C-alpha cells in the first residue's frame with residue numbers, strides 16, 4: 001500500500017477516534033452510577049429523553065404523510081418541495097432557532113396568534129424545546145420514509161385496491177408495513193438527532209434548568225462548573241450514538 | 001354476468017381502442033405480443049386506469065363511462081391475479097386470502113374461516129400460516145387465484161398467470177387453472193402472450209396488436225385461419241395476403257398462387273411449412289405452384305429442419321435431415337419451392 005495514502009489515512013482515523021478515547025479515559029467510571037442519578041444530571045437526561053421522544057412523535061405524525069405526498073403525491077414542483085424539506089438538514093441549527101423565534105416568538109406572526117387564541121407561548125418553554133428539536137430532526141424521518149416509499153412497489157397497493165381495500169386501509173395494511181424498516185430507521189435517526197440537538201434549542205428555548213436545559217445544553221454549562229458531570233453526560237450521549245449506529249448498521253452504514 | 005366493454009384509453013402516444021364482451025362462465029384470452037396493450041385493457045377493466053372514451057358495463061351496471069361515471073377500483077366486484085402474484089409478504093397465506101373479505105367488511109373470524117375453506121379447495125390448507133415467500137411458484141399462483149376469487153367477483157382478470165412458472169410446473173398448473181376457471185361462474189379475461197396458455201384456458205381468443213383487435217374467435221378457428229403474421233408464427237403457418245380472382249391469388253408481396261377453390265377479392269392464404277417441397281430443378285408437368293427461392297436460414301427443430309427461403313412469396317419450409325443432405329441445403333442455395341393447391345387454405349381478409 002502506498003504510504004502517501006496510508007499515512008494521512010492513519011492520521012485521519014486517529015483524528016476521529018482519539019478525542020472519543022480521550023473522553024472515555026477521563027470518565028470517572030467508579031463514580032458514574034452515582035453521578036448519573038444526581039439531581040442535575042438525571043434531570044437533564046430525563047428532560048432530553050422526554051423532549052426528544054415527543055419531538056419524534058410529532059415528526060412521525062407529520063413527517064410520514066409528508067413523505068407519502070413527496071413520494072406518491074401528484075403535486076406541482078415536487079422536486080422543489082423535496083429540496084425545501086431537506087433545508088433544515090444543512091441549515092446551521094442556530095439559524096433554525098432564530099427563524100423559529102421570529103415566527104413563533106411572542107411578536108412573530110404565528111406566535112401572536114398562538115398567544116391571543118390559546119394563550120400559548122412557545123419560546124423558552126419545554127414545549128419550545130420539543131418544537132426546536134422536531135424542526136431540526138424531521139428531515140431525517142421524511143427522507144428515510146420517502147426513500148422507502150419510493151423503493152416500495154406501488155403495484156402491491158393496486159393489488160390491495162382490487163381486493164376492495166379503501167385508500168386508508170391500503171395505507172395502513174400494505175403501504176406502512178412495506179416501509180416499516182425505513183420508518184424504524186428514520187424514527188431512530190430522528191430521535192437521535194433530537195436528543196443531541198443544541199443550537200436551535202438554546203436559541204429558541206433558552207437554558208432554564210429543569211425546563212429547557214437538555215443534556216447537550218447541560219454538558220456545555222457543566223464544562224465550566226463541574227467538568228466531571230459534563231463528561232458523564234457526554235459519555236451517555238456517546239453511548240446512545242453508538243447504540244443507534246449498531247442498531248442501524250444493516251440499513252445505514254453498509255448502504 | 002355479462003361484460004360489454006368499449007375500451008378507449010392510452011398513455012402518451014400509445015392508444016388502445018377495442019371492444020370486448022365476456023359472457024357468464026366464459027374465459028376470453030387476450031393474446032398478443034408484448035406491448036400490444038393487453039395489460040392496459042386489464043387495468044382499465046379493473047379500474048386501475050380510467051377510460052378516455054367508451055364504456056365498461058357489467059350486467060346493467062356502468063363501471064366506467066367518461067365523463068359521467070367511474071366506479072373506483074375498490075368498489076368493483078373484480079378479482080385480479082397479477083403477473084407476479086403480488087402476494088403481501090408481511091402477511092400469512094391465510095391473511096392474504098382473507099384480506100379481500102376483511103376489506104369488504106367481513107368479521108375477522110368469518111373471513112378467516114372462509115379463506116381457510118378456499119385454501120383447502122386448492123389443496124393448500126396446510127400452508128395457511130406460511131409466509132408467501134415460502135411457497136413454490138405453483139402454490140403462490142393458487143394462493144393468488146384464491147385471493148382473487150374468495151370475495152365472489154363478477155369478473156376475474158388474470159395477467160400472464162403462468163408466466164412466472166418454470167416449464168415443468170407450468171403444464172400442471174395450466175391444467176389445474178383450467179379446471180378452476182371451468183368452475184368459476186363469472187366471466188374471466190386472461191392476458192397472455194403464450195398461445196398455448198391461451199388455447200388451453202380460453203373459450204375464445206381475442207388477438208390484440210398495437211392496441212387493436214386484429215382477430216377473434218374460438219381457439220380452433222384462430223389456429224386454422226390466422227389473419228396476422230403474429231398468429232401465423234404462433235401456430236406455425238405461412239400466411240400471405242392477396243387478391244383472389246378465380247383460382248389465382250395475386251399476392252400483396254409479389255408472386256401468385258393457384259388455389260383449389262375459386263374465390264374473389266382480398267383473401268388470406270395460409271399453408272403449413274411441411275406442405276412445401278424443395279427441389280433443385282423446376283419440376284415439370286403438373287399444375288402445381290412452383291417458384292424460385294434462395295435459402296436465407298436454417299434452424300434445427302426436433303425432427304425437422306426449418307428452412308427460411310426468400311422468393312415470391314418468402315416462406316418457411318420444414319424438411320427432413322435427409323432432404324438437407326440430398327439438396328446440400330445451405331444459406332445462399334438456389335432452389336425451387338413447390339406447393340400443391342389443395343394444401344392452401346383460403347379465407348376472406
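Could you count how many residues in segment B:64-92 are more than 9 Å from chain A (Cβ to nearest Cβ) and closer than 14 Å to residue A:161 by Cβ?
Selection size over segment B:64-92: 2.
What number of residues within segment A:36-49 satisfy the criterion of being part of a helix (DSSP H, G or I), surrounded by fewer than 19 Cβ atoms within 10 Å (Cβ to Cβ) and in contact (Cβ under 8 Å) with a residue 60 or more places away in the chain?
Of the residues in segment A:36-49, 4 are part of a helix (DSSP H, G or I), surrounded by fewer than 19 Cβ atoms within 10 Å (Cβ to Cβ) and in contact (Cβ under 8 Å) with a residue 60 or more places away in the chain.
So which residues in segment B:35-63 are outside any helix (DSSP H, G or I), in contact with a strand residue (DSSP E or B) (Cβ under 7 Å, 6 or more places away or on another chain) and either touching a residue at least 60 places away in the same chain (Cβ under 8 Å) or away from chain A (no Cβ under 14 Å) (or both), if there are any at all?
Answer for segment B:35-63, where residues must be outside any helix (DSSP H, G or I), in contact with a strand residue (DSSP E or B) (Cβ under 7 Å, 6 or more places away or on another chain) and either touching a residue at least 60 places away in the same chain (Cβ under 8 Å) or away from chain A (no Cβ under 14 Å) (or both): B:36, B:37, B:51, B:52, B:53, B:54, B:55, B:56, B:57, B:58, B:59, B:62.
Which is over 18 Å from residue A:73 (Cα atoms) and either in contact with a strand residue (DSSP E or B) (Cβ under 6 Å, 6 or more places away or on another chain) or touching a residue at least 60 places away in the same chain (Cβ under 8 Å) (or both), of A:180, A:160, A:165, A:185?
Values: A:180 fails: either in contact with a strand residue (DSSP E or B) (Cβ under 6 Å, 6 or more places away or on another chain) or touching a residue at least 60 places away in the same chain (Cβ under 8 Å) (or both); A:160 fails: either in contact with a strand residue (DSSP E or B) (Cβ under 6 Å, 6 or more places away or on another chain) or touching a residue at least 60 places away in the same chain (Cβ under 8 Å) (or both); A:165 fails: either in contact with a strand residue (DSSP E or B) (Cβ under 6 Å, 6 or more places away or on another chain) or touching a residue at least 60 places away in the same chain (Cβ under 8 Å) (or both).
After applying the criteria, what remains is A:185.
Which one of these is without any contact (Cβ under 8 Å) to a residue 40 or more places away in the chain, assigned by TED's automatic domain parsing to the domain that holds residue B:13 and farther than 14 Å from residue B:316 by Cβ: B:210, B:217?
Details: B:210 fails: without any contact (Cβ under 8 Å) to a residue 40 or more places away in the chain.
Matching residue, one of B:210, B:217: B:217.
Restricted to segment A:179-204, and to residues that are surrounded by fewer than 21 Cβ atoms within 10 Å (Cβ to Cβ) and within 30 Å of residue B:100 (Cβ to Cβ), which residue is farthest from the other protein chains (Cβ to nearest Cβ)?
The selected residue is A:184.
Of the residues that make up segment B:13-22, is at least one assigned by TED's automatic domain parsing to the domain that holds residue B:210, over 21 Å from the mean Cα position of the chain (by Cα), surrounded by fewer than 17 Cβ atoms within 10 Å (Cβ to Cβ) and at pLDDT 90 or above? It would help to see each step written out before you state the result.
Here is the first cut: in segment B:13-22, the ones assigned by TED's automatic domain parsing to the domain that holds residue B:210 are B:13-22.
Within this subset, residues satisfying the condition of being over 21 Å from the mean Cα position of the chain (by Cα) are B:13.
In the following step, the residues that additionally are surrounded by fewer than 17 Cβ atoms within 10 Å (Cβ to Cβ) were identified as B:13.
Then drop every residue that is not at pLDDT 90 or above, which leaves none.
No, segment B:13-22 contains no residue that is assigned by TED's automatic domain parsing to the domain that holds residue B:210, over 21 Å from the mean Cα position of the chain (by Cα), surrounded by fewer than 17 Cβ atoms within 10 Å (Cβ to Cβ) and at pLDDT 90 or above.
Give the residues of segment B:149-159 that are within 12 Å of another protein chain (Cβ to nearest Cβ) and over 21 Å from the mean Cα position of the chain (by Cα), sorted by residue number.
B:149, B:150, B:151, B:152, B:153, listed by residue number.
Could you please find all residues in segment B:320-349 being buried (at least 16 other Cβ atoms within 10 Å of the Cβ) and over 33 Å from the mean Cα position of the chain (by Cα)?
Across segment B:320-349, the qualifying residues are B:323, B:324, B:327, B:329, B:333, B:335, B:336.
Any idea which of A:194, A:180 is under 30 Å from residue A:127 (Cα atoms) and in contact with a helix residue (DSSP H, G or I) (Cβ under 6 Å, 6 or more places away or on another chain)?
On the way: A:180 fails: in contact with a helix residue (DSSP H, G or I) (Cβ under 6 Å, 6 or more places away or on another chain).
That would be A:194, the only listed residue that is under 30 Å from residue A:127 (Cα atoms) and in contact with a helix residue (DSSP H, G or I) (Cβ under 6 Å, 6 or more places away or on another chain).
Looking at segment B:102-136 only, could you name the residues that are exposed (fewer than 15 other Cβ atoms within 10 Å of the Cβ) and not in a helix (DSSP H, G or I)?
Scanning segment B:102-136 gives B:105, B:107, B:123, B:129, B:136.
Suppose we filter A:170, A:174 for residues that are within 30 Å of residue B:146 (Cβ to Cβ), buried (at least 21 other Cβ atoms within 10 Å of the Cβ), touching a helix residue (DSSP H, G or I) at 6+ places or on another chain (Cβ under 9 Å) and within 14 Å of chain B (Cβ to nearest Cβ); which single one remains? Before you say what the answer is, go through the steps one by one.
On the way: A:170 fails: buried (at least 21 other Cβ atoms within 10 Å of the Cβ).
Exactly one of A:170, A:174 is within 30 Å of residue B:146 (Cβ to Cβ), buried (at least 21 other Cβ atoms within 10 Å of the Cβ), touching a helix residue (DSSP H, G or I) at 6+ places or on another chain (Cβ under 9 Å) and within 14 Å of chain B (Cβ to nearest Cβ), namely A:174.
Residues being assigned to a helix (DSSP H, G or I), surrounded by fewer than 23 Cβ atoms within 10 Å (Cβ to Cβ) and within 8 Å of chain B (Cβ to nearest Cβ): count how many of those fall in segment A:155-166.
Just the residues of segment A:155-166 that are assigned to a helix (DSSP H, G or I), to begin with: A:155-162.
Going one step further and asking which of them are surrounded by fewer than 23 Cβ atoms within 10 Å (Cβ to Cβ), we end up with A:155-158.
Narrowing further to those that are within 8 Å of chain B (Cβ to nearest Cβ): A:155-156, A:158.
The total comes to 3.
Does at least one position in segment B:160-169 carry a residue that is over 29 Å from residue B:60 (Cα atoms), within 14 Å of chain A (Cβ to nearest Cβ), in a helix (DSSP H, G or I) and modelled with pLDDT under 95?
There is no residue in segment B:160-169 that is over 29 Å from residue B:60 (Cα atoms), within 14 Å of chain A (Cβ to nearest Cβ), in a helix (DSSP H, G or I) and modelled with pLDDT under 95.
Scan segment A:96-154 residue by residue and report those that are more than 28 Å from residue A:82 (Cβ to Cβ), part of a helix (DSSP H, G or I) and either within 19 Å of the chain's Cα centre (by Cα) or within 14 Å of another protein chain (Cβ to nearest Cβ) (or both).
Scanning segment A:96-154 gives A:126, A:127.
Give me a count of the residues in segment A:58-91 that are assigned to a loop (DSSP other than H, G, I, E, B), surrounded by 11 or more Cβ atoms within 10 Å (Cβ to Cβ) and out of contact with any helix residue (DSSP H, G or I) (no Cβ under 6 Å at 6 or more places or on another chain). So that I can check it myself, show each step before the final result.
To start, the set of residues in segment A:58-91 that are assigned to a loop (DSSP other than H, G, I, E, B) comprises A:73-77, A:86, A:91.
Keeping just the survivors that are surrounded by 11 or more Cβ atoms within 10 Å (Cβ to Cβ) gives A:73, A:86, A:91.
If we keep only those that are out of contact with any helix residue (DSSP H, G or I) (no Cβ under 6 Å at 6 or more places or on another chain) as well, we get A:73, A:91.
Here the count works out to 2.
Please note which helices (runs of 4 or more DSSP H) are completely contained in segment B:184-236 and include at least 2 residues that are touching a strand residue (DSSP E or B) at 6+ places or on another chain (Cβ under 9 Å) and farther than 26 Å from residue B:146 by Cβ. It would help to see each step written out before you state the result.
Details: elements: B:195-201, B:219-224, B:229-235.
Correct list: B:219-224, B:229-235.
The values are calculated or read from the model by the stated rules, or taken from the named source; none is laboratory data. This is a predicted model, so every value here is computed, not measured. Methodologically, a virtual Cβ is constructed for each residue, glycine included, from the backbone with ideal geometry; neighbour enumeration extends over all protein chains shown.
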